[in-house]
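Engineer: Attaching a single structure in structure tokens format; questions to follow.
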Number of protein chains: 2
Amino acid sequence: MTLTKEAGRYGMERQPFASAANVSERLAQPPALAISTVIFALRPSEASGRPTLWLPLVRRIREPFQGLWALPGGPLTQAESLQDAAARNLQDTTGLAPSYLEQLYAFGGLHRSPSQRVVSIVYWAMVQPTEAEMAQESENVKWFRADGLETLAFDHNQIVDYALWRLRNKMAYGPIAYHLLGETFTLAQVREVYEAVLDRTMDPANFRRQLKQTAHIEPTGEYLQGGKHRPPRLYRYTGNIAEDSPAPHPRADNA
Amino acid sequence: MTLTKEAGRYGMERQPFASAANVSERLAQPPALAISTVIFALRPSEASGRPTLWLPLVRRIREPFQGLWALPGGPLTQAESLQDAAARNLQDTTGLAPSYLEQLYAFGGLHRSPSQRVVSIVYWAMVQPTEAEMAQESENVKWFRADGLETLAFDHNQIVDYALWRLRNKMAYGPIAYHLLGETFTLAQVREVYEAVLDRTMDPANFRRQLKQTAHIEPTGEYLQGGKHRPPRLYRYTGNIAEDSPAPHPRADNA
DNA sequence: CTTAGTTAAAGTCATGTTGACTACAACTGA
DNA sequence: TCAGTTGTAGTCAACATGACTTTAACTAAG
């Protein structure tokens, strides 16, 4: 089982190893370090009216990729941790507070940006659709449907795809779905989130049974009024997001 | 559901957001970027003789933390991707080829290093115990048991703990265990890996049944000779590591 | 007031998986 | 030949899952 055989498995490019002698040369021009954030929120689809995934993008106002849409991001400030930087991006872009925030991946390919080499540490977040209704669209900030995106700047299409993949993976287990909803919600709304993200219908009865067993939710005692039919019971999330599994390391960012 | 309430959930530190005006100031002194690798391998325990997890550490030969043990790592070369840099660390340190290599996490706390701020992109790897028997110990490179480590340099204890947590998590599902073994192995050896990493005994009969159903292995037709008892059948791993779930994005590092 | 229509909510049943356990086979060494 | 050990297969109850049925609660039309 040689290295060459193994290399194909995890996509490592074979390449002669640099000698340890030219350390000074390596440090000559360190790569730029950027923080970006993939922000997911729920919005009713124009067509069906059912909730679907959306994310905000910003328009590039300079080269490279001027005019194209890109993930919100920027350089890392000296005074802020990685997670703080991601949260600040989110605040600057949408004006919303993140209901969930987690590191996605560090992208460090050699040719992600045409001129200088850029290493991007990307976070992904979820915001609740309640406050402000995510209204803060402008000339250079716009919300897009998460699936079927047009061509974005840099490798941001791949990054969004990866974030979507991880969102779906985390959704399958763990109670993250609640962070796309408001403070209170009906069980049908939770199911709609699962159906939208995982892209398949689920039996309402079985879904209810499973939720009551595993997830930490409790009825508020109130009911959602205003509908045309029997008003559904409202619930509240009571669990702690830090114990999701598989999940990121709690406080891994703080040191 | 305010930001303050939410902040406690994922451990984000509340902090005034920097204004967008002082971008030039931010770029004045960019953080240093380092690549480190947590390398796991299987070794028989001195006491019980059963296989346990070990990892190689290097001694710091300069300040800060001079004399303490640390994860192998170094700066990022301009010409190599993040994963290549991690693989080079592994090669320089152990001389072994990685059987598995995956990004762990980007650690970017403000005070990880006393003097300059350092952002570390950490990978974790698994090597097979066969070739070279991991013999390459020296004055400044030594193997340690993964549990019960002494105090390491920087925040490397936390990083190792996180890597262990993720290894256990990945082991529970997915067929990564084979990457700690050689090309051929017995089912009992696989079970011993699970027992060592997950730290609990497993029923041999049930373990066999599950493996045959899910994991992709096939008998080689040969048997392991030399034991005192009935010779066990030898197996070979036939699956593709890229389809593990949950897993890192295939080729996320290449762009 | 009655009834049709819709949704919430709970229950039923067959199927598959899991963990604990038993039984048998194969081999070594005394 | 026998005792001891390990590989291998099978059984069984407990449990979770998916598909489905049934009842309850409510609105709106007639």
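The values are calculated or read from the model by the stated rules, or taken from the named source; none is laboratory data. Small disclaimer: the values here were computed from a predicted structure and weren't measured. A quick note on method: Cβ atoms are made from the backbone with ideal geometry, for glycine too, and the neighbour counts reach across all protein chains shown. Keep in mind that these areas ignore ligands, DNA and RNA; they rest on the heavy atoms of the full protein, side chains included. Shrake-Rupley method; radii C 1.70, N 1.55, O 1.52, S 1.80 Å.
Engineer: Per-residue mean of other chain beta-carbon atoms within 10 angstrom of the beta-carbon, peptide B:83-90?
Structural biologist: 4
Engineer: Further, regarding this structure: Using the reciprocal of the averaged 1/r over all distinct C-alpha pairs, how large is the Kirkwood radius of the range B:31-172 in Å?
Structural biologist: Numbers: mean 1/r = 0.0648 Å⁻¹.
About 15.4 Å for the range B:31-172.
Engineer: Distance from a point 7 Å along Cα→Cβ of B:Arg209 to each backbone N in the range B:166-183: keep the residues under 20 Å and list them by number.
Structural biologist: B:172-174
Engineer: Moving to a separate point now. Residues of the range B:176-220: accessible area per residue at 1.4 Å, in Å²?
Structural biologist: I get 51 Å² per residue for the range B:176-220.
Engineer: Sticking with this one: For A:Asp203, what accessible area in Å² do you get when you roll a 1.4 Å probe over the heavy atoms of the protein chains, rounding to the nearest 10?
Structural biologist: Its heavy atoms expose roughly 80 Å² to the probe.
Engineer: Kindly identify residues of the range B:42-80 having a loss of at least 30 Å² in accessible area between the isolated chain and the assembly of all protein chains, probe radius 1.4 Å.
Structural biologist: Listed by number, the residues meeting the 30 Å² cut-off are B:Pro75, B:Leu76, B:Thr77, B:Gln78, B:Ala79.
Engineer: Mind jotting down the distance between the C-alpha centroids of the range A:49-84 and the range B:176-223, whole Å?
Structural biologist: Between the Cα centres of the range B:176-223 and the range A:49-84 lies a distance of 45 Å.
Engineer: Enter the accessible area per residue of the range B:31-172 (Å², integer; probe 1.4 Å; all protein chains in place).
Structural biologist: 36
Engineer: What total accessible surface area, summed over both chains, is buried at the interface between chains B and A, computed with a 1.4 Å probe and given in Å² to the nearest 100?
Structural biologist: Using a 1.4 Å probe, the pair buries roughly 6800 Å².
Engineer: Related question: Computing the accessible area with a 1.4 Å probe over protein heavy atoms, can you report the carbon and sulfur percentage for the range A:28-170?
Structural biologist: C and S atoms contribute 50 percent here.
Engineer: Residues of the range A:103-131 losing 40 Å² or more of accessible surface, assembly versus chain alone, probe 1.4 Å, please list them.
Structural biologist: Buried on complex formation: A:Gln103, A:Tyr105, A:Ala106, A:Leu110, A:Arg117.
Engineer: Using amide H atoms built in the peptide plane, which far-off residues or other-chain residues are under 5 Å from B:Tyr100 H to H?
Structural biologist: B:Met126
Engineer: Quick one: accessible surface of A:Glu218, probe radius 1.4 Å, all protein chains present, in square angstrom to the nearest 10.
Structural biologist: Rounded to the nearest 10, that gives 80 Å².
Engineer: Sorting A:Thr184, B:Thr201 by accessible area (1.4 Å probe), largest first, what list results?
Structural biologist: B:Thr201, A:Thr184
Engineer: If the convex hull of the alpha-carbon atoms of the range B:176-243 is projected onto planes in all directions, what is the mean projected area in square nanometres? List each step's numbers first, then the result.
Structural biologist: On the way: hull surface 20.2 nm².
Directional mean of the projected Cα hull area for the range B:176-243 stands at 5.1 nm².
Engineer: A:Leu68: accessible area at probe 1.4 Å, nearest 10 Å²?
Structural biologist: Here the accessible area works out near 60 Å².
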